[in-house]
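Participant: Quick one: this structure, given as structure tokens, is what I'll be asking you about.
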């Protein structure tokens, strides 16, 4: 009996040690777990097939926001899609999706977050919101609010929702969103108090309750990055007229391959241009 108690004590100490080490790693390496930027030199030249131009906004002495504006082939654009991408790489990875919108006569403006691509500056949750606001203000110099579509993909969905909660737009579209970053972290680290450990909250659910524009959510049932079950909780905060579109078999990065995804975009983007 004494031997079993000693053995149990040793295993308990080992478990607590491993638990503590992993917890410390999660706290100090959370930026690595959550964000995978790929920085580029300021002399890098993109070779996109879509017509485009780059715009750089100096946010402060140490921060520069790089924007790529994809233009449509129509002489008079119907509006602009403000596109907030996911946590990987940079604009170069997401440029392939611009055609989904330019083909309907919309410009697509993509920004890189601090440390992504050519954008520089310190990275924080508030800085993500600040960059989004500056992109919106830049777009409003050219377009009316009813010509703006705010679009978020993956990590960018929470940023897009926060922007739409404070600024008017024609529609908010979220592709593979999360309920909140803390709830997503809890999915991966269920035995840790991640609500107190994670610096980044991004409560998409909270922001959606303050969005007056129509909301469309698209999510696949086989998403292995942001579970469908996590996203589906957002249905509780959608208002009448909003929609949650389930794409059976869709995973995190392949919704673009599903006809339903394109049928839904077609129904949203092929509508007549609103009057100013």
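The values are calculated or read from the model by the stated rules, or taken from the named source; none is laboratory data. Note that the structure is a prediction, hence the values are computed from the model and not measured. Positions of Cβ are backbone-derived with ideal geometry, glycine not excepted, and every protein chain shown enters the neighbour counts.
Participant: Out of the strands (runs of 3 or more DSSP E) lying entirely within segment 162-276, which hold 3 or more residues that are surrounded by fewer than 19 Cβ atoms within 10 Å (Cβ to Cβ)?
Facilitator: 243-247
Participant: Here's a check for you: in segment 81-101, which residue that is farther than 20 Å from residue 163 by Cβ and surrounded by fewer than 21 Cβ atoms within 10 Å (Cβ to Cβ) is modelled with the lowest pLDDT?
Facilitator: 88
Participant: Further question on the same structure: I'd like to know if segment 229-237 contains one or more residues that are more than 27 Å from residue 127 (Cβ to Cβ) and in contact (Cβ under 8 Å) with a residue 24 or more places away in the chain.
Facilitator: yes
Participant: Could you please find all residues in segment 64-80 being buried (at least 21 other Cβ atoms within 10 Å of the Cβ) and at pLDDT 95 or above?
Facilitator: 65, 66, 67, 68, 70, 79, 80
Participant: Just the residues that are closer than 21 Å to residue 165 by Cβ and either surrounded by fewer than 19 Cβ atoms within 10 Å (Cβ to Cβ) or over 15 Å from the mean Cα position of the chain (by Cα) (or both), please, taken from segment 117-137.
Facilitator: Selection gives 124, 125, 126, 127, 129, 130, 133, 134, 136, 137.
Participant: Kindly provide the set of residues from segment 111-123 that are part of a loop (DSSP other than H, G, I, E, B) and either touching a helix residue (DSSP H, G or I) at 6+ places or on another chain (Cβ under 6 Å) or in contact (Cβ under 8 Å) with a residue 60 or more places away in the chain (or both), ordered by number.
Facilitator: Correct list: 112, 113, 114, 115, 116, 118, 121, 122, 123.
Participant: Residue by residue through segment 28-48, note down the ones that are modelled with pLDDT under 90, under 28 Å from residue 72 (Cβ atoms) and surrounded by 10 or more Cβ atoms within 10 Å (Cβ to Cβ).
Facilitator: Listed by number, the list holds a single entry, 42.
Participant: Let me ask something else about it. So which residues in segment 170-187 are under 29 Å from residue 79 (Cα atoms) and touching a helix residue (DSSP H, G or I) at 6+ places or on another chain (Cβ under 6 Å), if there are any at all?
Facilitator: Correct list: 170, 172, 174, 177, 178, 179.
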